[in-house]
Amino acid sequence: MTELALKGAPVDRARLLRLLQDYGVYAGVAVLLLVNIALTPHFLSTENFRTQAVQVAPVLIVALGMALAIGSEGVDLSVGSVMALSTSLLSLYLGYGPWVALIVAMLGGAVIGLANGSLIAFIGVQPIVATLALMVAGRGIALVLLPQLKDVRDPGMSSLGSGDLFGIPYLVLIAAALALAVGFTVKRTTFGRQLLAIGDSRPAAQLAGLPVRRVLIVVYVIAGVLAAIAGVLATARLQASDPTSLGTLMELSAITAVVVGGTPLSGGRIRIGGTVAGAVLIQLLTATLIKHDLPPSWTQIAQAVVIVLAVYAARERGKR
């Protein structure tokens, strides 16, 4: 009996770790919701839910691009700087009309993504090094273009930032549409299958004749464009362009959302549903700490703890 129990213990532990990685993020969201319902005044109000949804939208959009990068066994540390660059470009070109400014901002994100992907795919620079370089360069360019905060006075941007459709903010609708599009791409397209194969084993993917370089470049271009869209939406919501602070530490929030959502840092797997839940978890955690008068630094500490726990669970599962 004792021997059978001992043999069964590792199995139970492995099952627990698997459940933690697959469903822990949803349990975390549920726990935070229950805590806030019990302890936070007016948490169940419609206005509060609207505020939380609007604030999580840019984080989710950036996290979607980060999920693609991590799924390819890489990472993109430049996403915060791309947001800063997009807000600078948006402000500079808004005089030509909101659509022109939006396209230019997205092109800026695509250029940064192309640079990241080229360094990784053609030169062989490690993703963390390549995107770190563009993280520094991107914010520097943003500050050269727009050295200080500037108000954004445009009816189109104002409508985008505060408008809604049937009571659902445009920002939330855009984030939901992008999540569905990325999820469909990963699960139902040849590109998605190639991406997962490359993340699982790049040498094997090359031997199988997959277009590894092209896929990697497209991954980082998509990540750059999504970060630029997030920067535009954040600018529209704030009605101001501030390249000094916009996107600061966004890479931390995005990585946290992706990893906590069950996408392993080793690549080869992407969980878009988990990423959405991870972004919601980060937003609820931040809001909970703020509403209970804890300093913002506690949010960063909490995110770091969540990342460590998620990586530990993935590491232990990988051993079995």
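The values are calculated or read from the model by the stated rules, or taken from the named source; none is laboratory data. Quick caveat, the model's predicted, so the values are computed rather than measured. With ideal geometry, Cβ positions are generated from the backbone for all residues, glycine too; neighbour counts draw on all protein chains shown. Accessible surface is based on the protein model in full, side chains and every heavy atom, while ligands, DNA and RNA are left aside. Shrake-Rupley method; radii C 1.70, N 1.55, O 1.52, S 1.80 Å.
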Please go through (1) open to solvent by less than 80 Å² (accessible area, probe 1.4 Å); (2) free of Cβ contacts under 8 Å to residues at least 12 places away in the same chain; (3) out of contact with any helix residue (DSSP H, G or I) (no Cβ under 7 Å at 6 or more places or on another chain) for Gly163 and return the number of the only condition it doesn't satisfy. (3)
So which pairs qualify, if the first residue must be in the stretch 276-296 and of a type outside the set (Lys, Arg), the second must be crowded, with 19+ Cβ neighbours inside 10 Å and part of a loop (DSSP other than H, G, I, E, B), the Cβ gap must be under 6 Å, and the two must be at least 6 apart or on different chains? Ala277/Gly261; Gly278/Gly261
Would you call Val35 in a helix (DSSP H, G or I) and closer than 16 Å to Ala227 by Cα? no
Looking across the stretch 27-52 at residues that are open to solvent by 30 Å² or more (accessible area, probe 1.4 Å) and of a type in the set (Gly, Ala, Ser), the single one that is farthest from the chain's Cα centre (by Cα) is Ala38
Within the stretch 262-297, track down each residue that is assigned to a helix (DSSP H, G or I), at pLDDT 75 or above and of a type outside the set (A, V, I, L, M). Gly273, Gly274, Thr275, Gly278, Gln283, Thr286, Thr288, Lys291
Of these, Gly74, Gly113, Gly124, which one is in contact with a Phe, Trp or Tyr (Cβ under 9 Å, 6 or more places away or on another chain) and modelled with pLDDT under 95? Gly74
Scanning the stretch 298-309 residue by residue, those open to solvent by less than 30 Å² (accessible area, probe 1.4 Å) and at pLDDT below 75 turn out to be Thr299, Gln303
Ala175 being surrounded by fewer than 24 Cβ atoms within 10 Å (Cβ to Cβ) and in a helix (DSSP H, G or I): no
Selection count, the stretch 40-61, where residues are among the hydrophobic types (A, V, I, L, M, F, W, C), modelled with pLDDT of 85 or more and touching a Lys or Arg at 6+ places or on another chain (Cβ under 9 Å): 2
Just give me the residues in the stretch 196-234 being crowded, with 18+ Cβ neighbours inside 10 Å and not in a helix (DSSP H, G or I), in sequence order. Leu210
Of Val136, Val104, Val100, Val144, the only residue that is at pLDDT 90 or above and surrounded by 15 or more Cβ atoms within 10 Å (Cβ to Cβ) is Val104
